[in-house]
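Undergrad: Encoded as structure tokens, here's the structure I'll be asking about.
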Amino acid sequence: YRRTFQVPAAWSAKRVFLTFEGVMTDTQVLVNGQSAGPMHQGGFYRFQYEVTKLLKFGQENLLEVTVDEESANASINNAERRADYWNYAGIYRPVTLEAVPTAFIQRIAINAKADGTLAVDVYGDGVTPADTVEAQVMDLKGTSLGVAFSQPIPTGGRQPTPLQTQFNSPRLWTAETPN
């Protein structure tokens, strides 16, 4: 696959990720003739590369994607190519570019309990121990529930920042009353 695309010049101060939602199977990606990262194997889940340093902002860029129908990994062929009647080939789900700040929240994991205990693990990318994560719970109308709660980013690697708070008499969720 080959495609040219433009990236806005305004994105030059951001980090840019190229995301593939589904490609069957082994995938090699080049941006402007340079490898975006290691070969991806397996076709039923998303994968992404940070391509910030490979892009020409405000100019035309070239994306080249080579997809092998059969994987070099026999276990992937057995699990994904032979075990199902749905044998996709090539790029069969969306491919997107996403521009994010240099430091951003990559994902969160929430554990909300009926007793009012709320624990959130915040996984940041590009964050430093000088940064702080702050959260505020709101209802569907945008009214704040309780007070904002925060925690400094832990020192070290990519461990999550844990946030915790407690609510007295929380409105519980049911299918009839989704609070």
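The values are calculated or read from the model by the stated rules, or taken from the named source; none is laboratory data. None of these values were measured; they are calculated from a predicted model. No Cβ is skipped: glycine too gets one built from the backbone with ideal geometry, and neighbour counts run over all protein chains shown. The protein model used for the area step is the full one, side chains on, heavy atoms only, and it has no ligands, DNA or RNA in it. Shrake-Rupley method; radii C 1.70, N 1.55, O 1.52, S 1.80 Å.
Undergrad: So how far apart, in nm, are the two label points at ASN32 and PHE44 if each is 7 Å from Cα heading toward Cβ?
TA: Inter-label distance under the simple model: 3.7 nm.
Undergrad: For ALA112 and THR66, what is the calculated FRET efficiency with R₀ set at 35 Å and r taken between the beta-carbons, to the nearest 0.05? Don't skip to the end; give the middle numbers.
TA: Numbers: r = 44 Å, r/R0 = 1.26.
Once rounded, the FRET efficiency stands at 0.20.
Undergrad: Another one. Distance between the C-alpha centers of the range 1-52 and the range 96-115? Whole Å please.
TA: Going from one Cα centre to the other spans 21 Å.
Undergrad: So what is the accessible area of the range 68-109 per residue, in Å², with the probe set to 1.4 Å?
TA: For the range 68-109, the per-residue accessible area is 71 Å².
Undergrad: Report ³J(HN,Hα) in whole Hz for each residue of the range 104-110, in order, from the Karplus equation J = 6.51 cos²θ - 1.76 cosθ + 1.60 where θ = phi - 60°; Gly and Pro get x.
TA: Result, rounded to whole Hz: 8, 8, 7, 6, 9, 10, 10.
Undergrad: Once the convex hull of the C-alpha atoms of the range 25-66 is built, how many Å³ does it hold per residue, rounded to a whole number?
TA: Details: hull volume 2.9 nm³, N = 42.
With only Cα atoms used, the range 25-66 gives 70 Å³ per residue.
Undergrad: Relative to the present Cα-Cα distance, how much length would full extension add between LYS141 and ARG3 at 0.36 nm per residue of separation?
TA: Numbers: separation 138, 0.36 × 138 = 49.68 nm, distance 4.33 nm.
The LYS141-ARG3 span can extend by a further 45.4 nm.
Undergrad: Mind listing which trypsin sites (Lys or Arg not before Pro) in the range 83-156 are in a DSSP loop and have 16 or fewer other Cβ atoms within 10 Å?
TA: Details: sites: ARG107, LYS113, LYS141; in loops: LYS113, LYS141.
Here the trypsin sites (Lys or Arg not before Pro) that fit, given the DSSP loop and packing criteria, are LYS113, LYS141.
Undergrad: How much of the accessible area of the chain, probe 1.4 Å, is carbon plus sulfur, in whole percent?
TA: On the way: 5920 of 11400 Å².
Here it works out to 52 percent.
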